[in-house]
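Accompanying notes for the structure given below.
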Ligand code: FES
Ligand code: FES
């Protein structure tokens with residue numbers, strides 16, 4: 001089975017037939033109310049028109065169009081199951097089609113920020129329920145009976161009184177002619193009526209194809225006459241080609257052409273980095289051709305970037321007192337001066353590359369004033385607009401077909417690699433598949449930032465924390481879009497700093513200047529990584545200094561269950577959500593900590609050189625706590641026999657995928673704690689492949705991961721994020737456990753050989 | 001160069017240095033075999049060459065000459081290999097990209113060691129990277145496919 005894109009799908013009879021065409025001509029019915037929060041605040045908002053999202057064939061096959069990108073979070077399954085549940089469709093008859101990049105039709109498609117279900121649970125439910133109502137209405141008209149006597153259950157329409165019965169397929173064409181019911185008139189199920197939502201027994205919709213190897217990722221897209229390209233890019237950000245010699249490359253059989261691509265001025269946004277492209281008849285020839293190029297590079301202003309030296313620069317910044325004050329409650333400086341005991345610590349969190357298992361890959365065909373793209377993109381609409389700009393076309397002339405993504409983690413929300421394919425396809429007059437090798441991926445990521453977090457705290461005679469000062473120094477993502485402001489943006493600060501919910505009377509946070517020397521971008525959970533690592537490590541340090549149990553101390557410093565006043569703290573973001581609907585509730589944070597620690601049997605006697613560590617963090621409007629159990633050998637090897645992770649993300653729509661996201665977060669976080677980092681010397685990334693960019697393998701991952709789903713009892717509670725919030729507390733839980741096992745405090749990630757004896 | 005791929009006889013007259021991976025993908029259109037590193041570091045490209053699990057990204061066509069190659073597309077005709085069944089039952093995949101290589105590795109492991117211990121599984125499966133972090137389910141699926149109780 002190939003991945004089906006609706007733009008290429010054979011015309012379906014029945015409900016979908018005219019619907020997709022019609023939908024384009026109908027003004028979207030979304031956003032009547034003021035646009036402010038959540039999906040309303042995203043570009044192109046949301047849609048819930050069933051004619052956009054569902055079609056039913058005469059045979060009764062229900063095709064749900066999913067407009068968010070699948071990258072392993074299970075969105076194709078989860079969105080379809082939500083719609084199918086309200087539609088009362090038989091899961092065996094449900095298929096998924098992938099929407100192309102077209103936000104005016106489908107609503108927002110930026111698959112990031114852990115918000116696909118958060119923003120589209122409601123719209124998908126309404127689309128399914130409306131379609132079900134239309135089927136019932138069609139059957140009622142056909143049978144000449146009142147609609148409220150017609151039931152629609154598990155793909156069957158029935159009228160009890162007359163004994164009439166029909167499958168969904170039989171009524172689909174008639175239903176397609178009907179008006180979509182007014183939103184206010186749509187009757188949603190009550191939770192006890194859910195067939196799929198919240199249940200654990202659905203198979204992933206793409207499973208059959210995955211086990212046969214027939215799924216289509218970006219690398220797998222093929223069209224006739226396709227050529228393959230690789231690009232030698234400037235190794236330093238802002239660098240460019242000084243000169244090159246392609247004579248040896250052109251000798252290689254299969255190499256068709258060598259094309260220089262201009263390097264952009266900085267800041268370069270999502271633009272390709274430029275360099276020299278080799279286009280060939282197969283991937284291997286293109287790679288060999290690139291190896292044969294002789295290129296002289298001009299490095300530019302970042303040619304001396306050295307991440308080790310830069311750490312000292314960041315430390316200096318974090319010790320300076322002239323940073324912008326971004327948060328200020330009480331008088332932390334005075335309280336620190338008066339505190340009987342005072343502590344400070346600095347934490348270092350390195351650059352990271354997302355390194356999705358499938359590197360960035362894109363296929364482009366440009367002909368007759370139109371461009372067609374097949375690519376593994378998280379943001380297909382952004383891709384569409386950028387490709388149009390690049391080629392001098394209108395967005396309507398660009399079709400972006402979204403393939404499956406072999407992982408994303410934020411890397412594939414930037415379409416630089418697609419623009420490369422588009423430019424080369426235009427130049428060649430033939431379709432071009434852009435191939436990134438692992439080396440390309442690691443060298444030319446949009447890297448997770450690098451941070452020094454400095455914390456100071458004052459404790460009173462009883463060990464209570466009375467003063468807290470946090471200085472964060474890290475290059476901002478804003479540096480790729482505008483002349484480097486040298487300061488974090490509100491959304492970066494809102495990831496665990498301005499919304500940090502500790503119950504301390506005097507809190508101050510500052511953001512001293514830090515300049516970017518590499519492309520900085522989103523990496524799963526973004527600035528929550530350094531903020532959570534520093535804060536959760538420091539609390540553990542304070543607990544030890546105060547002679548307290550780290551769990552008890554953590555609960556104490558979080559304080560009693562309450563709703564935090566985010567505006568008062570200076571958080572203007574709250575992940576884009578309405579703070580009235582999504583208050584930061586410390587009771588929920590306490591509860592995940594209690595759940596994880598109880599499950600891990602916190603407080604038990606531990607053998608020598610083993611220990612438990614705990615950490616908790618609020619992000620993407622969800623609450624997560626992690627307890628790690630570690631063993632450190634006499635030579636300093638770290639093993640992790642068990643991790644308990646508890647999440648409260650509100651109602652659990654697809655519990656199996658919440659668990660799988662938590663498992664994945666724990667494993668990714670294990671790598672970040674122990675081995676994974678990107679370093680720079682002379683402006684160049686020093687890691688080339690998975691031998692030096694060390695990510696977890698089966699034997700270096702935690703042996704057991706226990707996921708605990710907390711909360712969700714109130715079906716009206718809005719959904720929290722799932723894809724990202726699992727990650728931030730994993731690293732400090734592990735390093736806190738290392739302290740418990742060895743008495744050695746890890747303040748710089750990754751652990752690497754810091755424990756080696 | 002003559003070889004058999006999933007039971008079909010094939011002939012290749014191109015660069016004998018071309019890795020089997022790109023022959024399978026670019027020339028034959030068998031795209032189930034994936035590229036992850038190109039350097040025998042991740043296992044995304046794993047296929048069976050004469051029954052032996054092999055990194056196709058570093059197996060030159062000259063070496064594949066005369067061999068019988070099995071890819072994920074040929075592991076079974078209908079998805080009925082015990083590994084495929086267990087992978088589905090336990091919803092192992094996240095993005096799925098590494099899973100062709102994981103299943104080919106697991107199938108070879110089970111052919112060699114029908115009831116692998118945790119240590120056997122660690123030793124063999126640690127050659128394959130899953131960036132999504134599906135290792136606990138891969139372990140459980142291998143145990144299920146081998147008829148052993150899940151831990
Ligand atoms: S692609 Fe062959 S081992 Fe990674
Ligand atoms: S499932 Fe995504 S890399 Fe393994």
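A few comments on the model shown:
- Candidate set: region A:181-197, residues that are in a loop (DSSP other than H, G, I, E, B) and surrounded by fewer than 19 Cβ atoms within 10 Å (Cβ to Cβ); chosen: the one nearest to the chain's Cα centre (by Cα): A:194
- Segments classed as helices (runs of 4 or more DSSP H), wholly inside region A:240-335, with at least 2 members that are more than 14 Å from every other protein chain (Cβ to nearest Cβ) and in contact (Cβ under 8 Å) with a residue 40 or more places away in the chain: A:247-251, A:307-319
- Counted residues, region B:72-102 - those being facing chain A (nearest Cβ under 7 Å) and either on the phi < 0 side of the Ramachandran plot or assigned to a helix (DSSP H, G or I) (or both): 12
- Residues in region B:109-125 that are away from ligand 2 (no atom under 13 Å from the Cβ) and touching a helix residue (DSSP H, G or I) at 6+ places or on another chain (Cβ under 8 Å): B:109, B:110, B:113, B:116, B:118, B:120, B:121, B:122, B:123, B:124.
- Scanning region B:34-51 for residues that are more than 7 Å from ligand 1 (Cβ to nearest atom) and surrounded by fewer than 24 Cβ atoms within 10 Å (Cβ to Cβ) yields B:48, B:49, B:50, B:51.
- Residues that are more than 10 Å from chain A (Cβ to nearest Cβ) and either over 13 Å from the mean Cα position of the chain (by Cα) or within 16 Å of ligand 2 (Cβ to nearest atom) (or both), drawn from region B:35-49: B:45, B:46
- Given (1) in a helix (DSSP H, G or I); (2) in contact with a helix residue (DSSP H, G or I) (Cβ under 8 Å, 6 or more places away or on another chain), number of the condition residue A:230 does not satisfy: (1)
- Considered as a group, the residues in region B:63-88 that are out of contact with any strand residue (DSSP E or B) (no Cβ under 9 Å at 6 or more places or on another chain) and within 16 Å of ligand 2 (Cβ to nearest atom) include one that is farthest from residue B:125 (Cα to Cα), and that residue is B:88.
- Taken as a whole, the condition of being touching a residue at least 60 places away in the same chain (Cβ under 8 Å) and within 14 Å of another protein chain (Cβ to nearest Cβ) does not apply to residue A:429.
- Residues of region A:553-577 that turn out to be buried (at least 19 other Cβ atoms within 10 Å of the Cβ) and assigned to a strand (DSSP E or B), as a count: 1
- Test result for residue B:32, within 11 Å of chain A (Cβ to nearest Cβ), within 16 Å of ligand 2 (Cβ to nearest atom) and assigned to a loop (DSSP other than H, G, I, E, B): yes
- Per the listing A:687, A:677, A:672, A:717, the residue uniquely within 16 Å of ligand 1 (Cβ to nearest atom), on the phi < 0 side of the Ramachandran plot, more than 10 Å from chain B (Cβ to nearest Cβ) and touching a residue at least 40 places away in the same chain (Cβ under 8 Å) is A:687.
- Residue check for residue B:26: more than 21 Å from residue A:222 (Cα to Cα), within 10 Å of chain A (Cβ to nearest Cβ) and without any contact (Cβ under 8 Å) to a residue 12 or more places away in the chain: no
- Hits in region B:106-125 - residues which are facing chain A (nearest Cβ under 8 Å) and either within 16 Å of ligand 1 (Cβ to nearest atom) or at pLDDT below 95 (or both): B:125
A quick yes/no check of all residues on (1) touching a strand residue (DSSP E or B) at 6+ places or on another chain (Cβ under 6 Å); (2) within 14 Å of chain B (Cβ to nearest Cβ):
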| residue | (1), (2) |
| --- | --- |
| A:375 | yes, no |
| A:383 | yes, no |
| A:388 | yes, no |
| A:403 | yes, yes |
| A:406 | yes, yes |
| A:409 | no, yes |
| A:416 | no, no |
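- The set of residues in region A:701-714 being touching a helix residue (DSSP H, G or I) at 6+ places or on another chain (Cβ under 7 Å) and within 12 Å of chain B (Cβ to nearest Cβ) consists of A:701, A:702, A:705, A:706, A:707.
- Filtered residues of region A:214-233 (kept if surrounded by fewer than 21 Cβ atoms within 10 Å (Cβ to Cβ) and within 7 Å of chain B (Cβ to nearest Cβ)): A:214, A:222
- Summed over region A:198-213, the residues that are facing chain B (nearest Cβ under 7 Å) and buried (at least 19 other Cβ atoms within 10 Å of the Cβ) give a count of 7.
- Residues of region A:38-74 classified as crowded, with 24+ Cβ neighbours inside 10 Å and part of a strand (DSSP E or B), total: 7
- Counting only strands (runs of 3 or more DSSP E) that sit wholly inside region A:427-542, those with at least 1 residues that are under 26 Å from residue A:666 (Cα atoms) and in contact with a helix residue (DSSP H, G or I) (Cβ under 9 Å, 6 or more places away or on another chain) are A:451-459, A:465-473.
- Test result for residue A:516, over 23 Å from residue A:729 (Cβ atoms) and surrounded by 24 or more Cβ atoms within 10 Å (Cβ to Cβ): yes
- Scanning region B:5-23 for residues that are within 25 Å of residue A:440 (Cβ to Cβ) and either more than 10 Å from every other protein chain (Cβ to nearest Cβ) or more than 7 Å from ligand 1 (Cβ to nearest atom) (or both) turns up B:14, B:15, B:17, B:18, B:19, B:20, B:22, B:23.
- Within region B:126-151, the set of residues being within 11 Å of chain A (Cβ to nearest Cβ), touching a helix residue (DSSP H, G or I) at 6+ places or on another chain (Cβ under 6 Å) and in a loop (DSSP other than H, G, I, E, B) comprises B:126, B:128, B:132, B:133.
The values are calculated or read from the model by the stated rules, or taken from the named source; none is laboratory data. All figures in this text were calculated on a predicted structure; none of them were measured in a lab. Backbone-built Cβ (ideal geometry, glycine too); neighbour counts: all protein chains shown.
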